[in-house]
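The values are calculated or read from the model by the stated rules, or taken from the named source; none is laboratory data. Quantities reported herein were computed from a predicted structural model and do not represent experimental measurements. As a convention, Cβ positions derive from the backbone with ideal geometry for all residues, glycine included, and neighbour counts pool all protein chains shown. Keep in mind that these areas ignore ligands, DNA and RNA; they rest on the heavy atoms of the full protein, side chains included. Shrake-Rupley method; radii C 1.70, N 1.55, O 1.52, S 1.80 Å.
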Amino acid sequence: MPVEGQDKKPWGGRFTAPTDAFVEAFTASVDFDRRLYRHDIAGSIAHARMLARVGVLTEAECQAIVAGLEAVRADIEAGRLAWSTALEDVHMHVESALTARIGATGKKLHTARSRNDQVATDLRLYLRDAVDAAVSELRRLQAALVDLAEREADTLMPGFTHLQTAQPVTFGHHLMAWYEMLARDEERLADTRRRLNRSPLGAAALAGTTFPVDRPYAAALLGFDGVCGNSLDAVSDRDFVVELAAAASILMMHLSRMAEELVLWSSAQFDFVDLGDAFCTGSSIMPQKKNPDVPELVRGKTGRVFGHLMALLTLMKAQPLAYNKDNQEDKEAIFDTVDTVHASLRVFADMVPGMRVKRDRMREAARRGYATATDLADYLVRRGVPFRDAHEVVGKAVRHGIETGRDLAELTLEELRGFSPAIEPDVFQVLTLEGSVAARDHVGGTAPAQVRAAVARARIRLEAA
Ligand code: ARG
């Protein structure tokens, strides 16, 4: 005898008492997994078509199910489906809505399937789309960086080590360093996608199914590259979730490093860039303030993505084969991860084109701080002075400059010759910022010509996809 109120539960048959109301809410996932509905329906349509192909469903039954599922999708999209924790998750909602629409045939859909292989399939399909969407925002950001790098290929700025002025670089070169970081992120996402794109369908609960399923056929319908090779692994594997969280963490780490530089550069102390009013906010008490909230928030959001990676690794570490309810906890973590990555990439891609670059301020900062000291040492080496001795000589010249409040280029020839007789009048060419960057003219160097070459290579890559 079915228990009252329990009759809607598809697993209600072996139960005599209703679920505790709080347990029902505690175990339900529908509030967060309903976002899987499109992928759940796509998976079900493929499963039904496969069942018809192998003769488990008739062609008419299959058509009724497919039409019914499409109608359920339209209902969900129009907000006509009433979601309720009594039906636990998105899979049960879709199936019960289907049966409500088409009658008894709807109950045949779950043949040769379990929610275990179903949810693994849905999540793979959902994350495949999420990866593609993230990659397209990532490329939009890359394209914005490449455009700006081309415009700023000749712009001089200080390059830093230890956040101390080190050597002059071009701003275009700095932007192309960001581009490279993102290019690795894209490779990692593509690699994650490759391993993610396998079909668990047919694994059923854990051991496979007694029906003559055609797993490759269902996989092909869903655009998977193949099927998961072991049913136990298929339903319990969440490596793809962890991998995606790891790739997302590295990507956010990169965005956070960029954010940190943008925050520094928009301070009055650096004053290298203006992020634009649309991407900053003011202070309710200090009228002069224009705060770089966007990069600060991206830097801050990095923390939650790292947290999700740790949560997912911990979620998986002690699970025996095969499916465990623990797995339901993967969703909020990975959904928030993909949402955060997408939003962060999007806001950066929107912000970069409007950034105002303060070239004079950058140049002035590079001029201070003895950025061409290494160039002077290299100059002496070309005149036969061993590098260690040259280093010593330039160190003394810098100290003299600091004591007299001047840059190396502002010292007289006589003063410079006082440190080394190898110094000739042509020394002033290497002491200029332009000369310094132009001299680093090899693949990966900061010379404007190399920045333009890097931009050209990047454009070919961006256009190829
Ligand atoms: N809501 C579940 C999840 O997210 C679906 C699978 C449930 N399977 C089960 N045997 N309880 O993992």
* The listed residue being closer than 22 Å to THR209 by Cα and either within 32 Å of the chain's Cα centre (by Cα) or among the basic types (Lys, Arg) (or both), out of LEU127, LEU109, LEU123 -> LEU123
* To do: Kindly indicate whether any position in the range 317-325 is within 16 Å of the ligand (Cβ to nearest atom), open to solvent by 30 Å² or more (accessible area, probe 1.4 Å) and hydroxyl-bearing (Ser, Thr, Tyr).
  => yes
* **Selection from the range 256-269 of residues that are open to solvent by 60 Å² or more (accessible area, probe 1.4 Å) and in contact (Cβ under 8 Å) with a residue 24 or more places away in the chain** => ARG257, GLU260
* To do: Scan the range 127-146 residue by residue and report those that are within 16 Å of the ligand (Cβ to nearest atom) and surrounded by fewer than 22 Cβ atoms within 10 Å (Cβ to Cβ).
  => none
* **Residues that are among the aromatic types (Phe, Trp, Tyr) and within 22 Å of the chain's Cα centre (by Cα), drawn from the range 301-358** => PHE306, PHE335, PHE348
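A quick yes/no check of all residues on (1) surrounded by fewer than 15 Cβ atoms within 10 Å (Cβ to Cβ); (2) within 16 Å of the ligand (Cβ to nearest atom); (3) under 27 Å from GLY208 (Cα atoms):
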residue: GLY55; (1), (2), (3): yes, no, yes
residue: GLU61; (1), (2), (3): no, no, yes
residue: VAL66; (1), (2), (3): no, no, yes
residue: ILE76; (1), (2), (3): no, no, no
residue: HIS91; (1), (2), (3): no, yes, yes
residue: ALA97; (1), (2), (3): no, no, yes
residue: ARG113; (1), (2), (3): no, yes, yes
* **Criterion: in contact (Cβ under 8 Å) with a residue 60 or more places away in the chain, farther than 28 Å from ARG128 by Cβ and either open to solvent by less than 10 Å² (accessible area, probe 1.4 Å) or more than 23 Å from the chain's Cα centre (by Cα) (or both) - qualifying residue of PHE272, PHE240** => PHE272
* Asked: Taking the range 22-46, which residues are open to solvent by 20 Å² or more (accessible area, probe 1.4 Å) and within 20 Å of ARG113 (Cα to Cα)?
  -> ARG34, TYR37, ARG38, ALA42
* Asked: Given the structure, is ASP330 part of a helix (DSSP H, G or I), touching a helix residue (DSSP H, G or I) at 6+ places or on another chain (Cβ under 6 Å), acidic (Asp, Glu) and open to solvent by less than 60 Å² (accessible area, probe 1.4 Å)?
  -> yes
* Asked: Pick from ARG194, ARG188, ARG198: which is touching an Asp or Glu at 6+ places or on another chain (Cβ under 7 Å) and open to solvent by 40 Å² or more (accessible area, probe 1.4 Å)?
  -> ARG198
